[in-house]
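Read-outs throughout are calculated quantities, based only on the coordinates presented, and are distinct from any laboratory measurement. Predicted model, so just to flag it, every value in this text is computed and none were measured. FYI the Cβ positions are ideal-geometry reconstructions off the backbone, even for glycines, and counts take in every protein chain you see.
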There are 2 protein chains.
Amino acid sequence: MNNEQEAASGRRGRSKQGGAASRRAARTAAVHTSLPVLQRNLPLMEILSPESLEIVEANAEILLQEIGIEFRDEEALAIWKDAGADVQGSRVRFEKGMCRQFCQTLPSEFEQFARNRERNVIIGGKRTVFAPVYGPPFYRDFESGRRYATIEDFQNLVKLAYMLPALHHSGGTVCEPVDVPVNKRHLDMVYSHLRYSDKPIMGSVTAPERAQDTVDMLKIAFGEEFVDQNACSISLINANSPMVFDDTMLGALKVYARNNQACIVSPFIIAGAMSPVTPLGTMTQALAEALAGLAFTQLLRPGCPMVFGTFAASMSMQTGAPTFGTPEPAMVLLGMGQLARRLGVPFRSGGGLCASKTPDAQAAYETMNTLYPAVFGGVNFMLHAAGWLEGGLVSSPEKMILDADNLHMLQILQGGAATDENAQAMSGIREIEPGAHFLGTAHTQANFETAFYKSTYADSNSFEQWEAEGSREAFARANDIFKKMMATYQAPSIDPAIDEALRAFVDQKKGAEPDMNY
Amino acid sequence: MNNEQEAASGRRGRSKQGGAASRRAARTAAVHTSLPVLQRNLPLMEILSPESLEIVEANAEILLQEIGIEFRDEEALAIWKDAGADVQGSRVRFEKGMCRQFCQTLPSEFEQFARNRERNVIIGGKRTVFAPVYGPPFYRDFESGRRYATIEDFQNLVKLAYMLPALHHSGGTVCEPVDVPVNKRHLDMVYSHLRYSDKPIMGSVTAPERAQDTVDMLKIAFGEEFVDQNACSISLINANSPMVFDDTMLGALKVYARNNQACIVSPFIIAGAMSPVTPLGTMTQALAEALAGLAFTQLLRPGCPMVFGTFAASMSMQTGAPTFGTPEPAMVLLGMGQLARRLGVPFRSGGGLCASKTPDAQAAYETMNTLYPAVFGGVNFMLHAAGWLEGGLVSSPEKMILDADNLHMLQILQGGAATDENAQAMSGIREIEPGAHFLGTAHTQANFETAFYKSTYADSNSFEQWEAEGSREAFARANDIFKKMMATYQAPSIDPAIDEALRAFVDQKKGAEPDMNY
């Protein structure tokens, strides 16, 4: 096991840290256990031949040359002009290979630091980091139904993600706390992640000054110089497909890149509306958009860590509604993974995506139709891995619990099968005669406890027992688990001085301007 | 496209047939369309290295040599003795490599004939055949709840499987019609498959004479000589793990093998009870059992078509209940697929397995945790692909509909992404400007209809519309589809003379003995 593997498996940490760091680590010791980042041992699922990948790459270069990308930000246009691109109005066109050339300084993998160093994650290579749902304005749970989300819901979802071992990351906007004014929301969100979890976090992107507030809060939590030298956040920069980066996204991207903080540069695409209706056409456009966005970050600060993102959904051609779990976006995901690996940049896609309104069978089927391609297609950072409902409009604690249970199983599967002497079990086979059973064998007894994954929510009892317990389906049972988890939640420790400084920052910022809802 | 591919894709048929056959085909013309057998274009999911596979193979040989397998049938023991095996009592031990040697005459793939030749399936190679659930004594639908299954339920499930395009096969005991006496049930079941479907079917295995009845009915439907020369049925022969084949199973197996009818020789294993608790130990035992069973068939009739089967579940170590959708049986499935391919024999495993009592989120998650490994692990014949609930105790039409929709999508995904000029969509990309949308482009318009898979059951409407329609979850909506399908079902045509002969056979057999319930 090399250093990287150690870090990824969560085994690095205190032992390599000096006195102050060690004391700090002791103060932030984990209350709840967490899985190390998923390490992929099974082969990749790939869909395109090398020849087809070259076609997509060549077509993306044609797009960048002929049509170009709009950067709706004066400074960005000036930077591109200086870098030698063809800038006309807000349109930037790129010589063949130019974007790819600038992307050469992107790290192939990087470490994101968590407040608790044992929960640091390495993003890239054969690893997958699972992060919760991002962005829903609504919240649904089994008891209260569907409603606008609040800061209390937000904090509960942060606590839940903290407690679920398969979520390696605390995420960002796990729901929109719409009871907090828009211009102050990010302060409460970043504070909540830092206070109620100790896993790695995401930053605010809704305005450059909110991105700056995020960076300032990270500096309080991690130290000023430390933040400049290390990724202590990862933030989501969506392109406005087709072929546009708007000023809001570019403003936030500039803040993060200049502060050496990671971003995911993600074409967000409903295919057929925001890209061509075919998988290969969507891949071509998404590649071009990602290349231009990623290249831009390297003009701001060469070597700053970035992730190549793709989010693609299909749509109902009858109603225009986005659809999830269909095979065509899975094809896009698999192809984009191959393209990202050829570029040598960490890849983001996937998630427990679904159109279903509740965590029913539709939700689960659709979710798995993205999770499998994502986990086997080599996604390195998986946003929306748990808790997503209704096309991303709704966050659900029960869905988060159900998804996380399945993420845990996917992680075990990707670990591969043990092949040592105990796993071969010849001693067990020799213990019994044909027609006998293995339950009492020494081999079964010795391996009993750890042999099979124990689901947190699945009911494998008899029908009669299930009926006696009220014939409750998975959604209802997951609500029991949610309530029990909230009742037993214990916050991770935090240095009281840091906590006080964070609170003071939030209060000062909140007091400095009136409430606004844009 | 070679002949095999043509046959597998359903494009062979009438054009290659002579006059009589052509008239016959016209009489059995399909009312409902059916997908051709799945052709795998994506790479295989594999879990074991060649070195680990060799270890399992070597350990299986040790098991066959040292412990051996019980064959609880006098004739089988005599056959093994003649073949040179070491027979002591009912225990048969095999020299190293002996079983594998007898397996050399097994076909690597074979065609199973359907009453409608357009629905013939080739079993083996890069193909997967989806067949419905097999064996449940209970039936559950959304309206009537859970109860013992009847012959009417059986026929409805046959009709449903006939109408669902992703089910390539009519299956066998889609539920146990417990309102029909045990000793006459098989007659109604085989007749129902032949009458209400024209897809390939499975035969009865509950007694040698019932297997013979199946063969006799096939001879009526297909012609006597034709049946002797072609697989017109496939039947499920489970080993009594660990390491036993009982007289019932061997009795049926002998009938089918001698009549050149295909069987699946399947260790059916709850790991930890019926095999060692580790994946590698389970693979070792399952390989040994399958090798012995398959070798035996080749002593009966060399070259008769057989399938290497594996069914493995995990168990709750607390309650002893089987559990489904956990990662460990998926590992067994993937490894067994590799072992079957090394032996060069078609492979059966997988299915939409779950422990859940209803088609809820648990059912769907668990199902997908087996379907993905099965479809990507190279399963050639997938029993239980749709309709399974509650650990196989319950058949459900709604679950069949939900599963079949997802099988359809897996089949599309396995088809791979088109890469031709239309798929590259450069004309579409050139039609628009950055920030515009693709809906009105000529490229989108031209590809609109076929671009994305349209789910039969998934609701991607707005929350408001879904709520206005009664906030119904997937289980309830699938019941609507079931009722609509039953209302529009049209039986495939059948030669009236054949139908009459089949009915006469059933009546004669039923009249010849009293009702018995064993």
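Per-structure values
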{"item": "Ranking of B:Val37, B:Val133 by count of other Cβ atoms within 10 Å, fewest first", "result": "B:Val37, B:Val133"}
{"item": "Partners for B:Lys96 among lysines (Cα-Cα distance below 18 Å; same-chain residues under 8 apart left out)", "result": "B:Lys81"}
{"item": "Viscosity 0.890 mPa s, 25 °C: Kirkwood-radius Stokes-Einstein D of the protein assembly as shown over Cα pairs, µm²/s", "result": "82"}
{"item": "Inverse mean reciprocal Cα-Cα distance (Kirkwood Rh) of the range B:372-432, Å", "result": "14.3"}
{"item": "Simple label model, 7 Å out from Cα along Cβ direction - B:Glu421 to B:Glu467, nm", "result": "5.0"}
{"item": "Neighbour-count order for B:Ser462, B:Ser275, B:Ser204, B:Ser108, fewest beta carbons within 10 angstrom listed first", "result": "B:Ser108, B:Ser462, B:Ser204, B:Ser275"}
{"item": "Shortest-first distances to equivalent copies, position B:Arg258, nm, label 7 Å out along Cβ", "result": "8.8"}
{"item": "Inter-label distance for A:Glu66 and B:Glu54, nm, one decimal - labels placed 7 Å from Cα along Cα-to-Cβ", "result": "5.3"}
{"item": "Beta bridges by DSSP in chain B, antiparallel share as percent, to the nearest 5", "result": "45"}
{"item": "Nearest-first distances (nm) between copies at A:Glu51, label 7 Å from Cα via Cβ", "result": "3.6"}
{"item": "Highest to lowest packing among A:69-82, A:440-453, B:332-345, scored as the average C-beta count within 10 Å", "result": "B:332-345, A:69-82, A:440-453"}
{"item": "Per-copy distances of the A:Asp216 label point, shortest first, in nm (7 angstrom along Cα→Cβ)", "result": "9.0"}
{"item": "Cα gyration tensor shape for the range A:102-415, rounded if a/c is under 1.5, else prolate or oblate", "result": "rounded"}
{"item": "Cα-based reach from B:Lys126 at 12 Å (exclusive), listing aspartates and glutamates while leaving out same-chain residues under 8 positions away", "result": "B:Glu4, B:Glu109"}
{"item": "Enclosed volume per residue, in Å³, of the convex hull spanned by Cα atoms of the range B:128-195", "result": "89"}
{"item": "Convex hull of the range A:78-157 built on C-alpha atoms - directionally averaged projected area, nm²", "result": "10.5"}
{"item": "Estimated distance in nm for a label pair at B:Leu44 and B:Ala497, the labels positioned 7 Å out from Cα along Cα-to-Cβ", "result": "4.6"}
{"item": "Shape category assigned to the range A:284-342 from the gyration tensor of Cα positions, a/c cut at 1.5", "result": "prolate"}
{"item": "Convex hull of Cα atoms in the range A:142-241, direction-averaged projection (nm²)", "result": "7.8"}
{"item": "Likely footprinting exposure, B:Ile432, A:Ile123, fewest C-beta neighbours within 10 Å first", "result": "B:Ile432, A:Ile123"}
